[in-house]
Amino acid sequence: MKLQVSKKYANMKPSATREILKATSDPSVIAFAGGSPAVEAFPCEEVKKITAEILEENTVSALVYGVSEGYEPLRETVKAWLKRRNNIGTDDDVVIITAGGTQVMDIATRVLCSEGDTVICEEPSFIGSLNAFRSHGCNLVGVPIDSDGMNIEALEKAIKDNPDARFIYTIPNFQNPGGTTLSLEKRKAMYQLAKENGIAILEDDPYGNLRTEGEDVPAIKTLDEDGIVIYAGSFSKILAPGIRVAYAVVPSSIAGAFTIGKQVSDVHTGVLNQMIVERWFKEYDVDKHIDEIRKIYREKINLMCDMLDEHCPEIEYVRPQGGLFLWAKLPDYVNMLDYCKRLVDNKVAVVPGNAFIVDESKPCNYIRLNFSTPSNENIVKGVKIMAKVIKEYK
Ligand SMILES: Cc1ncc(COP(=O)(O)O)c(C=O)c1O
C-alpha cells in the first residue's frame, strides 16, 4: 500500500539544498553549499565545561519537563541582552525560547495565517522559511531585492495587489541568500507600509551579530511602537547550530497564541540546552566571543571574494558585509543548473539559485556560495575549480 501525504505536503518539493548537500557527505567534495557556521567558531571547551557543571549540580532540573515559553532565567537573560546590545524589545514584548529560528517561522505562520493566506517575502529568500510558509498552505508573493534590501516600490505594489496579506517576511541583515542588508530608510518605509495596511512583519535576524564591516543598522523591531513586529534571533550562528536554541520577541497581543503554537509543536525546547546557553552568558563574555568569531568570518569572506576577483572575473557579486553567504551571478552564456552539476562532478558543491526563488520555474542565473564551512585551503582550491569549469563554456 502506498501512503498518501496531505495536499499541502504533496506540492512541496524536497529542498534543492538538501539534495546538493547529499553530495557534500562525500568528504572529498568541497562544500560551498552548506549553511553552518565555521566549526572553529564553536566555543567547544566552554560548552563541555558548562554541560558537565549543569549535569553535576542540576541533574534533575535539567531532565524534567520545562515550561513552553522557555527556561525562565534564559528568557530574562536574553531579554536584558537584546535590550542592552540592540535596544530590541519593550516591556510589552514577550521573549519565547524556541528550538531554532526555523521554529519561529513555523509558529508565527500557524498563529497569524489560515490556509490560503498570503505572505509577502523577499525574492530570493531562505528556503527553510519558504517551506515553513508553504507547509501551512500559504500563498507566497516574492518582492525583488536591491543592493540595499527589499525594493520598496515593489513591496508597495505587492501590498496593493494583496491587501489581505498577513505578514511581510524579511531577513534584514546579510540576507540569505542575497547577502544584502536592508537600509534604515527602507526599514522605516517597510514598517510604515505594514502599519498603514494592518500587516505584521516577521523580522528574521540570525546573522545580525556576524557583521564584519560597516555599522550596525537598528532592527525594525526597534521601531515597533504598534506591536506589529515579531523578531526572531538564534544562537545557531553565534554559539552552535546543534544546540537548537533560538528566541522570538513577540508582541504581547499574540504571546498567548504563540505559546500554544509552541506547545503544539514540541511542548518546550530541551531544558539542558537552554541551561547551557544561560550559563554561557553567566560564565563567559558573549559579546567578546562575538567579536572574536567576527574575525574568523572577516578572513573567510575576504579570502573567498579575493579569490573570485582574481580567478572568476566573469562572476558578479556584491561583497557581503557579514553573514555566511555570497550571492553570485553567472554570465548569460553559462547555464546555471548545468554549471552546478559540472561543479559537483569536479567535487565542488554550490546551491543553485532557483532553490531560493518563490516560483522555482522562473529563470535564475545565480548560485549561493557559503564561505564559513570550508577551510581556507578549500576556499582557495574550490574557487580555482569554479574558474576552471566556467572557462569550459567559452
Ligand atoms: C534566514 C535564516 N533564518 C533562520 C535560519 C534557521 O536557523 P536555526 O533554525 O538554526 O536557528 C537560517 C539558517 O540557516 C537562516 O538562514
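The values are calculated or read from the model by the stated rules, or taken from the named source; none is laboratory data. It should be emphasised that the depicted structure is a prediction, and the values quoted were computed from it without experimental measurement. Glycine gets a Cβ as well: all are built from the backbone with ideal geometry, and neighbour counts include every protein chain shown.
Conditions (1) among the aliphatic types (A, V, I, L, M); (2) under 19 Å from the mean Cα position of the chain (by Cα), marked per residue:
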{"site": "116", "(1), (2)": "no, no"}
{"site": "123", "(1), (2)": "no, yes"}
{"site": "128", "(1), (2)": "no, yes"}
{"site": "156", "(1), (2)": "no, no"}
{"site": "159", "(1), (2)": "yes, no"}
{"site": "165", "(1), (2)": "yes, no"}
{"site": "183", "(1), (2)": "no, yes"}
Quick check on this structure: which one of 46, 57, 69 is loosely packed, with under 14 Cβ neighbours inside 10 Å and either in the same structural domain as residue 251 (by TED's automatic domain parsing) or not hydrophobic (A, V, I, L, M, F, W, C) (or both)? 57
In this structure, does residue 230 turn out to be free of Cβ contacts under 8 Å to residues at least 60 places away in the same chain, touching a strand residue (DSSP E or B) at 6+ places or on another chain (Cβ under 6 Å) and not in a loop (DSSP other than H, G, I, E, B)? no
Taking the stated definitions as given, is residue 247 on the phi < 0 side of the Ramachandran plot, among the aromatic types (Phe, Trp, Tyr) and not assigned by TED's automatic domain parsing to the domain that holds residue 174? no
Mind counting the residues in segment 51-79 that are away from the ligand (no atom under 16 Å from the Cβ) and either farther than 21 Å from residue 268 by Cα or not in a helix (DSSP H, G or I) (or both)? 12
Determine whether segment 209-219 contains at least one residue that is crowded, with 23+ Cβ neighbours inside 10 Å, assigned to a helix (DSSP H, G or I) and within 16 Å of the ligand (Cβ to nearest atom). yes
Take the residues in segment 105-144 that are more than 25 Å from residue 260 (Cα to Cα) and assigned to a loop (DSSP other than H, G, I, E, B), then tell me which one is nearest to the ligand (Cβ to nearest atom). 126
Note on segment 132-151: residues in contact (Cβ under 8 Å) with a residue 60 or more places away in the chain and small (Gly, Ala, Ser) are 135, 137, 142, 147
When only residues in segment 30-48 that are more than 30 Å from residue 383 (Cα to Cα) and touching a residue at least 60 places away in the same chain (Cβ under 8 Å) count, which is farthest from the chain's Cα centre (by Cα)? 46
Filter segment 75-96 down to the residues that are in contact with a helix residue (DSSP H, G or I) (Cβ under 8 Å, 6 or more places away or on another chain) and under 16 Å from residue 254 (Cβ atoms) and list them by number. 89, 92, 93, 94, 95, 96
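For segment 320-353, how many residues meet the condition of being farther than 16 Å from residue 371 by Cβ and either in contact with a Pro (Cβ under 7 Å, 6 or more places away or on another chain) or part of a helix (DSSP H, G or I) (or both)? Steps first, answer last, please.
Taking segment 320-353 first, the residues farther than 16 Å from residue 371 by Cβ are 329-342, 344-347, 352-353.
So of that shortlist, the ones also either in contact with a Pro (Cβ under 7 Å, 6 or more places away or on another chain) or part of a helix (DSSP H, G or I) (or both) come out as 336-342, 344-345, 353.
Result for segment 320-353: 10.
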Of the residues in segment 279-330, those that are modelled with pLDDT under 95 and more than 23 Å from residue 178 (Cβ to Cβ) come to none
Answer yes if at least one residue in segment 85-96 is touching a Phe, Trp or Tyr at 6+ places or on another chain (Cβ under 8 Å), within 16 Å of the ligand (Cβ to nearest atom) and closer than 15 Å to residue 234 by Cα, and no otherwise. yes
Exactly one of 260, 301 is aliphatic (A, V, I, L, M) and not assigned by TED's automatic domain parsing to the domain that holds residue 88, and that one is 301
Among the candidates 311, 289, single out the residue that is crowded, with 16+ Cβ neighbours inside 10 Å, in contact (Cβ under 8 Å) with a residue 12 or more places away in the chain and either under 30 Å from residue 138 (Cα atoms) or in contact with a helix residue (DSSP H, G or I) (Cβ under 8 Å, 6 or more places away or on another chain) (or both). 311
